[in-house]
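Engineer: Sharing a structure here in structure tokens format.
The values are calculated or read from the model by the stated rules, or taken from the named source; none is laboratory data. These numbers come from a predicted model, not from an experiment. With ideal geometry, Cβ positions are generated from the backbone for all residues, glycine too; neighbour counts draw on all protein chains shown. Surface areas here come from the heavy atoms of the whole protein model, side chains and all, with no ligands, DNA or RNA. Shrake-Rupley method; radii C 1.70, N 1.55, O 1.52, S 1.80 Å.
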Amino acid sequence: MFPHTETGISEGSPLSPTIANICLDGLQMAIYNGLHGRTYDIDYANGRLVRYADDGIIAVRTEEEALAVKEIVKRFLMDRGLILSDEKTKSGSIWDGFDFVGFTLRMEQYGMAVWPSDKAVDRYILDLKELITDHTGSQKEMIELLNRSLKGWAGQYLFCDSFSAYRKVDDALQTLLLESVISKHPKQALEKLIKKYWITDESGKTWYAWPKDVSIRVIHLTDTFLTPIKRTRNDVNPYIERNYYTEKRKLDSIQKINGKYRPVWDRQNGCFYCGKPILYDQDKTLVPIDHTRKESIANTAYVHSVCTLTDYQYLLLSEDITFMTPLNIYEMLERVTECGSIIRNPELSEDWRYMKLYEYFGTCVDKKITLTFKEIEKILGFELSDSVKSTRQAWYPRKDMHKMADAWILQGYRLKRLYINKQKAAFESEYDDAERIVFPPELLNRKVPLAAKYKAEHFLNALVKEFGLSKDYIQPRNKNQTLQ
């Protein structure tokens with residue numbers, strides 16, 4: 001902050017980028033003039049400058065031109081009282097790769113591959129070690145500091161192939177945390193320390209967590225969703241295509257979490273679909289929590305945009321399609337066009353982990369049912385995870401994916417009220433006089449004439465439409481079992 005010299009400014013000053021732009025203004029044209037010797041018919045790809053503050057890359061076609069450009073830059077800087085660092089200046093082939101501002105770039109057959117540089121990863125691991133070693137506060141505060149640091153560092157590399165770097169940081173961080181715990185409790189057995197400070201979730205993943213509240217835990221960088229770069233359109237007239245800008249302002253508000261979308265963000269602990277953290281810079285969108293309720297902020301949740309891509313649907317066809325008529329094919333194409341993807345007909349397997357809860361609701365006849373979390377665990381035969389007990393995501397349906405909510409939705413019940421603090425849930429039948437349909441086995445266990453098939457399907461579809469039975473998230477049972 002207080003330089004010892006009489007000239008210049010302190011290192012890291014916010015004036016540095018401005019001064020760099022003033023000093024280096026005109027460098028690109030000087031390279032073109034010195035390399036091509038003319039101001040017209042320039043090969044702009046040869047000598048192209050890409051600069052970030054005072055760091056830059058100059059792309060040329062040959063090694064001889066690289067040496068020539070180096071001398072051009074030296075002369076340009078000398079007139080401004082600057083010196084090109086021979087130690088930091090290197091030349092090489094893009095096929096061999098190079099490091100630039102924390103990234104490694106290398107040309108491959110499919111295009112330019114980009115990932116965090118090894119130096120940047122090692123430097124960040126040292127920063128984490130210093131943070132853990134120098135921390136004198138509580139374990140909870142340290143976890144919060146680590147998570148903020150991890151999210152910030154991960155945000156720099158969202159747009160490149162950074163999974164391997166994330167995994168390296170995760171492994172190193174767990175080692176640093178273990179070393180820290182051992183240094184604080186040198187006389188305790190290692191197994192007891194691990195059992196005290198680490199938890200294992202239902203998927204088998206291990207987390208360093210606060211013993212008093214295991215929901216406060218150090219995040220895993222490998223859970224970060226990588227995001228492709230989105231380019232802004234520059235061919236839109238703001239005075240003519242106003243709908244584009246209106247929609248863009250709405251999407252920008254969702255991405256930047258402004259205005260009315262802030263409460264939605266504040267009440268969430270992660271993606272509503274996958275439960276993993278959503279970084280501020282990640283591409284995200286909003287989805288309804290309960291499709292049976294009206295659209296509102298209270299019925300809205302944030303999800304990773306990439307999570308919505310898992311809502312694929314499939315059209316199951318017989319292996320022999322020779323019996324199909326052109327009309328059948330056109331009908332299927334219409335269904336594909338209407339939904340935007342292919343129609344899905346998933347099967348609910350018998351080893352589904354919530355099958356016992358599904359069967360329980362199938363035997364219920366009461367209009368209203370209230371179950372404590374303990375009673376639900378007794379029905380299922382296993383304990384609910386801490387995330388299920390403390391958050392609302394798993395209690396509501398997700399389109400085209402079997403979740404716990406299907407156990408009562410498929411049996412005609414809906415979740416009326418969820419009491420997280422009281423650890424209980426209230427359910428209510430969707431219909432006052434609900435009964436099951438029992439189909440004759442002759443229609444289920446054998447083939448029928450084509451005319452009978454169309455007539456039965458037409459009648460059933462009419463029932464669904466007349467009584468409003470259609471729900472996007474309700475999925476059929478296994479085709480070999482009795483339909484209900």
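Engineer: Restricting attention to the stretch 4-102, which chymotrypsin sites (Phe, Trp or Tyr not before Pro) occupy a DSSP loop and are surrounded by at most 12 other Cβ atoms within 10 Å?
Structural biologist: Within the stretch 4-102, the qualifying chymotrypsin sites (Phe, Trp or Tyr not before Pro) (loop, at most 12 other Cβ atoms within 10 Å) are Y40, Y44, W95.
Engineer: Tell me, what is the 1.4 Å probe accessible area of L67, in Å² to the nearest 10?
Structural biologist: Counting only protein heavy atoms, the figure is 110 Å².
Engineer: Hey, which lysines would be in cross-link range of K416, C-alpha to C-alpha under 16 Å, not counting anything within fewer than 8 residues on its own chain?
Structural biologist: Within the straight-line limit of under 16 Å, K416 reaches these lysines: K294, K367, K368, K424.
Engineer: Here is a further query. If you keep only loop residues by DSSP, which GluC sites (Glu not before Pro) in the stretch 151-215 have at most 14 other Cβ atoms within 10 Å of their Cβ? Please report the intermediate quantities before stating the final value.
Structural biologist: Details: sites: E179, E191, E202; in loops: E202.
Listed in order of number, the matching sites are E202.
Engineer: Using only Cα atoms, what Kirkwood radius does the stretch 139-209 have, in angstroms? Could you put the intermediate results ahead of the total?
Structural biologist: Working: mean 1/r = 0.0728 Å⁻¹.
After inverting the pairwise mean of 1/r, the radius is 13.7 Å.
Engineer: For the stretch 92-124 and the stretch 27-80, what is the separation of their Cα centres, given in Å?
Structural biologist: Taking the Cα centre of each part, the stretch 92-124 and the stretch 27-80 sit 22 Å apart.
Engineer: Then there's this: What is the Cα centroid distance between the stretch 159-206 and the stretch 247-303, reported in whole angstrom?
Structural biologist: Using only Cα atoms, the two centres lie 31 Å from each other.
Engineer: Another one. Under unit Cβ charges (Lys, Arg +1; Asp, Glu -1), what dipole magnitude, rounded to 20 debye, does the stretch 218-273 have relative to its Cα centre? Please report the intermediate quantities before stating the final value.
Structural biologist: Numbers: 11 positive and 6 negative charges, 42 e Å.
It works out to roughly 200 debye.
Engineer: Pull out a ≥ b ≥ c, the square roots of the eigenvalues of the alpha-carbon gyration tensor of the stretch 165-262, then state rounded if a/c is under 1.5, prolate if not and a/b is larger than b/c, and oblate in the remaining case.
Structural biologist: Numbers: a/c = 4.46, a/b = 3.08, b/c = 1.45.
In terms of gyration-tensor shape, prolate.
Engineer: Which lysines have a Cα lying under 26 Å from the Cα of K187, excluding residues fewer than 8 positions away in the same chain?
Structural biologist: Reachable lysines: K129, K140, K195, K196, K212.
Engineer: In addition: Count neighbours as other Cβ atoms within 10 Å of each site's Cβ, and list the chymotrypsin sites (Phe, Trp or Tyr not before Pro) in the stretch 186-252 that are DSSP loop with at most 10 such neighbours.
Structural biologist: Values: sites: Y197, W198, W207, Y208, F225, Y239, Y244, Y245; in loops: F225, Y239.
Here the sparse-neighbourhood loop sites are Y239.
Engineer: Could I ask something else about it? Seen from all sides and averaged, what is the projected area of the convex hull of the Cα atoms in the stretch 74-192, in nm²? Let's see the in-between values first.
Structural biologist: Numbers: hull surface 47.5 nm².
Value for the stretch 74-192: 11.9 nm².
Engineer: Just the accessible area for R353, please: 1.4 Å probe, Å², rounded to the nearest 10?
Structural biologist: Counting only protein heavy atoms, R353 exposes about 100 Å² to solvent.
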